[in-house]
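Undergrad: For reference, the structure I am asking about is given below.
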Amino acid sequence: MAEQSDQTVKYYTLEEIQKHNHSKSTWLILHHKVYDLTKFLEEHPGGEEVLREHAGGDATENFEDVGHSTDARELSKTYIIGELHPETLITTVDSNSSWWTNWVIPAISALVVALMYHLYTAED
């Protein structure tokens with residue numbers, strides 16, 4: 001399948017995609033592309049529940065973890081309805097770029113506690 005030009009690509013925001021998280025409309029994101037898998041639910045070899053768990057969200061990591069075949073990857077292209085909106089991509093990247101804040105505050109706190117302990121025991 002040839003890549004679509006930017007003029008014909010339909011873009012969806014994450015908010016739009018999240019609305020399609022039920023059996024009558026099942027959308028998900030794989031590698032920043034939006035898929036409508038509603039008609040594929042009953043055909044999915046892993047069962048429809050696997051797809052419905054990720055409906056309305058990004059299933060890229062799970063898709064890759066399973067190790068889908070080349071045939072499955074080719075078949076998936078037929079369900080592409082658009083791409084994740086570029087502004088949503090920037091937001092996603094920005095939110096992931098602050099991963100370090102999850103460990104910096106505890107690390108600094110631990111250092112402060114260790115320093116206070118050292119100073120307290122040095123006075124005795």
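The values are calculated or read from the model by the stated rules, or taken from the named source; none is laboratory data. Remember, it's a predicted structure, so these values are computed and weren't measured experimentally. Neighbour counts run over all protein chains shown; Cβ positions are idealised from the backbone, glycine included.
Undergrad: I'd like to check something: does the range 96-111 contain any residue that is touching a Lys or Arg at 6+ places or on another chain (Cβ under 9 Å) and at pLDDT 85 or above?
TA: no
Undergrad: If I filter the range 46-63 down to residues being of a type in the set (D, E, K, R) and within 14 Å of LYS33 (Cα to Cα), which single residue comes out as surrounded by the fewest Cβ atoms within 10 Å (Cβ to Cβ)?
TA: GLU61
Undergrad: Pick from the range 33-54 the residues that are at pLDDT below 90 and among the hydrophobic types (A, V, I, L, M, F, W, C): which of them is farthest from THR88 (Cα to Cα)?
TA: If we take residues in the range 33-54 being at pLDDT below 90 and among the hydrophobic types (A, V, I, L, M, F, W, C), then LEU41 is farthest from THR88 (Cα to Cα).
Undergrad: Further question on the same structure: Of the residues GLY56, GLY82, GLY67, which single one is touching a helix residue (DSSP H, G or I) at 6+ places or on another chain (Cβ under 7 Å) and of a type outside the set (Asp, Glu)?
TA: Answer to the selection: GLY56.
Undergrad: Which of (1) modelled with pLDDT of 85 or more; (2) aliphatic (A, V, I, L, M); (3) within 14 Å of HIS31 (Cα to Cα) does VAL93 not meet, given it meets every other one?
TA: (1)
Undergrad: Related question: Residues that are in contact with a strand residue (DSSP E or B) (Cβ under 7 Å, 6 or more places away or on another chain), at least 3 per element: which helices (runs of 4 or more DSSP H) completely within the range 28-86 meet that?
TA: The helices (runs of 4 or more DSSP H) meeting that bar are 48-54.
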